[in-house]
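Everything on this sheet refers to the single structure shown next.
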């Protein structure tokens, strides 16, 4: 579906060829209702070359052991909680795990401060309810119920943004693998293959801590920020190329040197130290995640494509990068200005970047 009008395909659609080839080549034991074995799921996430020479692209660049732990958790009756600061690919990994295990990544509850118990459990079609009374036909299934009945993976995004009393509706479901429906004097029992992947971070405002009872129902895997600059540059470069193709941006792919500069700025401000370890820096209030670096580069490509010569230059990333750093207009502006004057200005090969930043101030 190269020319699909859909802005963003689901993982199982975008990587259908890889998933199909992996299933054909996969001879290992599969847990109940899984479309491929745990080994094949890990290969799909991390990439590799199959025995027939088919190349599987890497969806996640990072620790193999973390992904193996996540997949092994889902092969048991324990739910999985992907935890980490914003922008560490929690939702990305969650989607691809569900696509590889169930062939369906769409059974999702998006956590917000307004998420209700009905969205987690079930609701009612009130027209049916008034005309026929409580019945299975009048029940509006949540994604969790559909996952239970089909033996698939359900995803809960931003679990800690959901109010605590709504979070705790998961306790019985995760413990008993069933969901009581008192109005019908019945229950929905989970089919083999059902499990839950939740994501959470502790940096957003409005975070609701998980109760100890709910924490015990999850095995937590912490996804870290990329450990090295080279790893982060590789992630940004790969995702930018994929998104550029998906959005059909007519710009040339950004030069590796430009990607490296953006990543270096993010890492130095995030770590509070220059790359050579000689200068201590103040860190801004934002997370400056890998996801934000990808966004900055994509914005630069769009500017270069539509308002430039099709090649991304320093002035194409300056405004987006400044906006990514300055979240607090007072505190972060001071931090950013100090970084420009003490670090960017002093680097001889960053003169174009310094001029571009000063122009957007």
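The values are calculated or read from the model by the stated rules, or taken from the named source; none is laboratory data. Bear in mind the structure is a predicted one, so any value in this text is a computation, not a measurement. Reconstructed Cβ throughout: ideal geometry from the backbone, glycine too, with neighbour counts over all protein chains shown.
Candidates are the residues of the stretch 175-186 that are touching a helix residue (DSSP H, G or I) at 6+ places or on another chain (Cβ under 8 Å) and under 17 Å from residue 79 (Cα atoms); the one that is surrounded by the most Cβ atoms within 10 Å (Cβ to Cβ) is 179. Being without any contact (Cβ under 8 Å) to a residue 40 or more places away in the chain, buried (at least 18 other Cβ atoms within 10 Å of the Cβ) and in contact with a helix residue (DSSP H, G or I) (Cβ under 8 Å, 6 or more places away or on another chain) holds for only one residue in 109, 56, 93, 41, and it is 56. Going by the conditions given, is residue 197 in the same structural domain as residue 150 (by TED's automatic domain parsing) and more than 17 Å from residue 123 (Cβ to Cβ)? When the stated conditions are applied, residue 197 passes them. Residues being closer than 27 Å to residue 207 by Cα and out of contact with any strand residue (DSSP E or B) (no Cβ under 9 Å at 6 or more places or on another chain) are represented in the stretch 92-109 by at least one member. Only one of the numbered conditions (1) modelled with pLDDT under 95; (2) within 16 Å of the chain's Cα centre (by Cα); (3) more than 25 Å from residue 289 (Cα to Cα) is violated by residue 107, and that is (1). Within the stretch 195-222, the set of residues being assigned to a helix (DSSP H, G or I) and surrounded by 14 or more Cβ atoms within 10 Å (Cβ to Cβ) comprises 214 only.
Kindly provide the set of residues from the stretch 147-174 that are in contact with a helix residue (DSSP H, G or I) (Cβ under 6 Å, 6 or more places away or on another chain) and within 19 Å of residue 72 (Cα to Cα), ordered by number. 152, 153, 154, 155 - these are the residues of the stretch 147-174 that are in contact with a helix residue (DSSP H, G or I) (Cβ under 6 Å, 6 or more places away or on another chain) and within 19 Å of residue 72 (Cα to Cα). Scanning the stretch 143-161 for residues that are modelled with pLDDT of 95 or more and over 18 Å from residue 95 (Cβ atoms) returns 145, 148, 149, 151. For the stretch 327-334, the count of residues that are modelled with pLDDT under 90 and crowded, with 16+ Cβ neighbours inside 10 Å is zero. Screening the stretch 111-155 for helices (runs of 4 or more DSSP H) wholly inside it with 2 or more residues that are within 24 Å of the chain's Cα centre (by Cα) and closer than 22 Å to residue 172 by Cβ returns the ranges 117-120, 143-150. Taken over the stretch 73-90, the residue count meeting the criterion of being closer than 19 Å to residue 19 by Cα and either surrounded by fewer than 22 Cβ atoms within 10 Å (Cβ to Cβ) or at pLDDT below 95 (or both) is 1. Is it fair to say residue 70 is assigned to a helix (DSSP H, G or I), over 21 Å from residue 215 (Cα atoms) and at pLDDT 95 or above? Judged against the criteria, residue 70 is not a match. Evaluation of residue 127 against the conditions (1) buried (at least 21 other Cβ atoms within 10 Å of the Cβ); (2) under 26 Å from residue 186 (Cα atoms) shows that the sole unmet condition is (1). Taking residue 339, is it assigned to a helix (DSSP H, G or I) and more than 29 Å from residue 61 (Cβ to Cβ)? Criteria not met by residue 339. Take residue 192 and tell me if it is touching a residue at least 40 places away in the same chain (Cβ under 8 Å), in a loop (DSSP other than H, G, I, E, B), farther than 26 Å from residue 63 by Cα and assigned by TED's automatic domain parsing to the domain that holds residue 136. Here the answer is yes, as residue 192 does meet what is asked. Just so you know, in the stretch 291-332 the residues that are within 18 Å of residue 260 (Cβ to Cβ) and free of Cβ contacts under 8 Å to residues at least 24 places away in the same chain include one that is nearest to the chain's Cα centre (by Cα), and it is 299. Every condition in (1) surrounded by 15 or more Cβ atoms within 10 Å (Cβ to Cβ); (2) over 19 Å from residue 84 (Cβ atoms); (3) in the same structural domain as residue 126 (by TED's automatic domain parsing); (4) without any contact (Cβ under 8 Å) to a residue 60 or more places away in the chain is met by residue 165 except one, and the failing one is (1).
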